[in-house]
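What follows is one structure encoded as structure tokens, with my remarks underneath.
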Amino acid sequence: MKKAAPISSRSRAGAKAARAHAKPAANVGTLTDFDERPLHRCVEDAMNAYFAALDGEDTSGLFDLVMTEVERPMFECVMRYVGGNQCRAAAMLGVSRGTLRKKLTRYGLLDR
């Protein structure tokens with residue numbers, strides 16, 4: 001069984017989806033059509049490419065891999081958006097400030 005390797009997020013489709021998702025709708029929770037959710041499509045495309053590259057091999061640690069690949073850039077973008085204000089970032093993410101600080105430390109983003 002192979003250990004999960006990083007998923008490439010630098011595809012043209014991924015970049016296009018990220019740009020389209022840059023300004024989400026006011027109430028994203030109401031979207032039920034996945035075709036209208038570019039982030040969902042981007043993750044799905046990356047996962048499908050990852051499984052195709054595995055060519056039938058088993059893998060492990062996939063959840064942690066995906067969460068790391070998604071969380072770090074999310075925290076970077078949110079912290080940039082709020083100008084480094086941890087209280088605003090925590091509120092925006094729906095996590096406690098302590099959890100935010102733990103994640104920022106994990107990814108080497110604290111006091112950048």
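The values are calculated or read from the model by the stated rules, or taken from the named source; none is laboratory data. Everything numeric in this text was worked out from a predicted model, so none of it was measured. Virtual Cβ from ideal backbone geometry, glycine too; neighbours counted across all protein chains shown.
Here are the numbers:
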| read-out | value |
| --- | --- |
| Criterion (in contact (Cβ under 8 Å) with a residue 40 or more places away in the chain and aliphatic (A, V, I, L, M)) met by exactly one of L93, L39, L62 | L62 |
| Filter result for R80 (of a type outside the set (G, A, S), crowded, with 16+ Cβ neighbours inside 10 Å and not assigned by TED's automatic domain parsing to the domain that holds L39) | no |
| Number of positions in the stretch 33-48 that are at pLDDT below 85 and surrounded by fewer than 18 Cβ atoms within 10 Å (Cβ to Cβ) | 4 |
